[in-house]
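The next block holds one structure in the form of structure tokens; read it before the comments.
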Amino acid sequence: MTKRAGVSSALVLLIAAIAAPQEKRSEFEVASVKPNTSGNMMVMIRPPAGGRFTATNARLKMLVALAYNVRNFEISGGPGWLDTDGFDIEAKASDPKLNLDGLRPMLQSLLEDRFQLKVRRETREVPVYAITLPKGTSKLPEAKEGGCREMSPDKPPPPPPAPGQFPPTPCGGFFMGPNHLEGGRISMTQFANALTNILGKPVIDKTSFTGTFDVKLDFAPEGTALAGVRPPENSDTSSPNIFTALQDSLGVKLESTKGPGNMLYIDHAEKPSEN
């Protein structure tokens, strides 16, 4: 009797597990993914607007970083074309008020379906930089009224700059090149995030600075994650390395230390078929 009751209970649990509704994935209503064949290096990933998401010549590594909210240096593994081949994506969600938080799971589903992407996460101790502001050395330029251009996902991007010229300085954001960093009305946290992308290591804000400032920094790309990118032909080749440039121009210092880091490992990815 006890044995039959145990079998019956197990059967009920099995039926319940099969009958339980599976959680529905967040997905775009329609989406197009095509290889970019332009041959240029221009990449554009626009924030979602009106329920639409567009990316032009985006590398899979960039898309993975956006979808899983990680930085490029926190991504490991994957095929050799991970950050060389570009793809154009046009996708539409049912919600016209789609924001970045809502976009991420939809983009994850898209990458899983079209690129057969498989990933896993691990936490481990990694080298990091701490950005500090030694007393009496601050040279942070106060944010100037009208010193930057307001950007909005609902407005078209500004036209490409003339050869040898930089785009308008964005408010609350950055223009970044292999040997140049420029931003307006930025916080120290935003600055640390930008330096993280340049250096290819986490940069932690240890300054206690709470204001906003403008930044315009020229530096030699050697020793950064951008070292392999060729600077513009008219660039000043006499610029100091980024550590010296930060200290001389802004009075901030980067110190090497260690801290926990979240890594995303790509176990599998395939090139999507054109659609």
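A few notes on this one:
- Test: residue in the range 64-77 that is more than 20 Å from the chain's Cα centre (by Cα) and in contact (Cβ under 8 Å) with a residue 40 or more places away in the chain: no
- Test: residue in the range 87-101 that is among the charged types (D, E, K, R), farther than 30 Å from Glu27 by Cβ and free of Cβ contacts under 8 Å to residues at least 60 places away in the same chain: no
- Only one of the numbered conditions (1) at pLDDT below 90; (2) charged (D, E, K, R); (3) surrounded by 17 or more Cβ atoms within 10 Å (Cβ to Cβ) is not met by Lys253, and that is (1).
- Some residue of the range 64-77 being modelled with pLDDT under 95, within 22 Å of Glu27 (Cα to Cα) and part of a loop (DSSP other than H, G, I, E, B): yes
- In the range 68-102, the residue that is nearest to Pro47 (Cα to Cα) out of those that are touching a Pro at 6+ places or on another chain (Cβ under 9 Å) and aromatic (Phe, Trp, Tyr) is Phe87.
- Of the residues making up the range 62-101, those that are within 20 Å of Lys118 (Cβ to Cβ) and acidic (Asp, Glu) number 3.
- Residue in the range 37-55 that is hydroxyl-bearing (Ser, Thr, Tyr), touching a strand residue (DSSP E or B) at 6+ places or on another chain (Cβ under 9 Å) and touching a residue at least 60 places away in the same chain (Cβ under 8 Å) present: no
- Filter pass, Thr123 being more than 28 Å from Asn40 (Cα to Cα), at pLDDT below 90, in a loop (DSSP other than H, G, I, E, B) and β-branched (Val, Ile, Thr): no
- Any hit, the range 188-204, residues being on the phi > 0 side of the Ramachandran plot and buried (at least 19 other Cβ atoms within 10 Å of the Cβ): no
- Any hit, the range 107-125, residues being surrounded by fewer than 17 Cβ atoms within 10 Å (Cβ to Cβ) and under 16 Å from the mean Cα position of the chain (by Cα): no
- Residue tally, condition assigned to a strand (DSSP E or B) and closer than 18 Å to Ala143 by Cα, over the range 186-221: 8
The values are calculated or read from the model by the stated rules, or taken from the named source; none is laboratory data. These numbers come from a predicted model, not from an experiment. In this analysis, Cβ positions are derived from the backbone assuming ideal geometry, glycine residues included, and neighbour counts consider all displayed protein chains.
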